[in-house]
Amino acid sequence: MNAAPDLHTLTGAYATHALPEEERRAFERHLAHCRACAQEVAEFEVTLSRLGTAESGRPSPGLKAAVMTGIGDVRQLPPLTGPAERGRRTSWPARRWRELALAACLALATALGAVAVQQHDRAQLAQVRAGALRDQQAAVMGLLTAPDARTTTAASGAAVGTVVWSAGRGQAAFLVTGMPALPRGRTYELWFSDGGTMRPAGLLPADHGQLLLTGDVNGAVGVGVTQEPSGGSAQPTGQPLMLLSLT
């Protein structure tokens with residue numbers, strides 16, 4: 001016979017609506033008088049809301065615009081209406097016009113082909129990014145529902161960051177909203193603080209504010225965010241913009 005689960009470990013599963021009905025009712029009765037669990041559930045719900053802010057890029061409608069523009073530049077010849085006209089020898093101006101029209105059509109087809117290739121490449125890149133984002137979201141959701149999941153939140157100006165971590169899984173994720181846009185050549189880098197030393201934990205993507213941190217969270221006492229040159233640094237080059245305690 002399986003023992004009843006420790007209700008204190010169900011905060012993440014409750015926030016993600018992953019509990020069976022009987023366990024949900026039991027947890028809600030517990031939640032009514034457990035301040036620590038109520039705080040954890042509130043933090044998990046804030047974290048989940050940030051997952052919904054991620055966006056993936058969509059290819060621009062350049063191909064359609066180019067086709068519609070090109071249609072207006074190509075003039076069609078009027079139809080031949082009678083046997084005499086169909087048998088009449090084509091004059092030099094008419095032949096010249098047809099040659100120019102054919103050349104214009106070939107040039108347009110070449111241009112549209114180049115645009116189509118560009119749009120295809122952009123669509124593939126968007127699909128790759130969307131797949132990576134889905135993987136990130138699935139990993140963060142896995143952390144949220146881990147039995148030993150914990151969260152911590154900190155603010156810096158308009159930015160609010162949350163770290164979700166599981167000692168059992170050895171993983172942590174960072175989610176943030178309100179971070180200022182950086183100039184070209186700069187990026188936000190995440191760090192594990194090991195009590196005096198900092199080790200790189202990944203670069204925050206520019207198009208959304210979530211990252212599954214690289215490296216083992218066990219042994220770390222905090223997570224920091226710094227502004228670094230594009231590509232990241234081996235060690236922080238400035239003071240942390242945000243520091244979240246894991247203790």
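The values are calculated or read from the model by the stated rules, or taken from the named source; none is laboratory data. All of these numbers come straight from a predicted model, not from anything done at the bench. Glycine also receives a Cβ, built like all others from the backbone with ideal geometry; neighbour counts cover every protein chain displayed.
Annotations
Here's the yes/no breakdown for (1) modelled with pLDDT of 80 or more; (2) of a type in the set (Phe, Trp, Tyr); (3) surrounded by fewer than 16 Cβ atoms within 10 Å (Cβ to Cβ):
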site: Asn2; (1), (2), (3): no, no, yes
site: Leu7; (1), (2), (3): yes, no, no
site: Arg35; (1), (2), (3): yes, no, yes
site: Glu45; (1), (2), (3): no, no, yes
site: Leu48; (1), (2), (3): no, no, no
site: Ala54; (1), (2), (3): no, no, no
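- Conditions (1) in contact with a Gly (Cβ under 8 Å, 6 or more places away or on another chain); (2) of a type in the set (A, V, I, L, M, F, W, C); (3) crowded, with 18+ Cβ neighbours inside 10 Å; (4) under 27 Å from Thr16 (Cα atoms): number failed by Val163: (1)
- Per-region count, region 189-240, residues over 12 Å from Val163 (Cβ atoms) and under 22 Å from the mean Cα position of the chain (by Cα): 19
- Ala146 being surrounded by fewer than 13 Cβ atoms within 10 Å (Cβ to Cβ), modelled with pLDDT under 90 and among the hydrophobic types (A, V, I, L, M, F, W, C): no
- Residue satisfying all of: in region 158-194; assigned to a strand (DSSP E or B) and of a type in the set (D, E, K, R); modelled with the highest pLDDT among these: Glu189
- Residues that are assigned to a helix (DSSP H, G or I) and within 33 Å of the chain's Cα centre (by Cα), drawn from region 12-22: Gly12, Ala13, Tyr14, Ala15, Glu21
- Boolean, Pro229 is touching a residue at least 40 places away in the same chain (Cβ under 8 Å), surrounded by fewer than 19 Cβ atoms within 10 Å (Cβ to Cβ) and not aromatic (Phe, Trp, Tyr): yes
- Test: Glu228 is farther than 18 Å from Thr153 by Cα and assigned to a strand (DSSP E or B): yes
- Restricting attention to region 195-204 and to residues that are in a loop (DSSP other than H, G, I, E, B) and among the small types (Gly, Ala, Ser), the residue that is nearest to Glu228 (Cα to Cα) turns out to be Gly196.
- Residue pairs whose Cβ atoms lie under 7 Å apart, separated by 6 or more positions or on different chains, with the first residue in region 26-43 and farther than 13 Å from Gly12 by Cα and the second part of a helix (DSSP H, G or I), are Ala26/Leu7; His30/Leu7; His30/Cys37.
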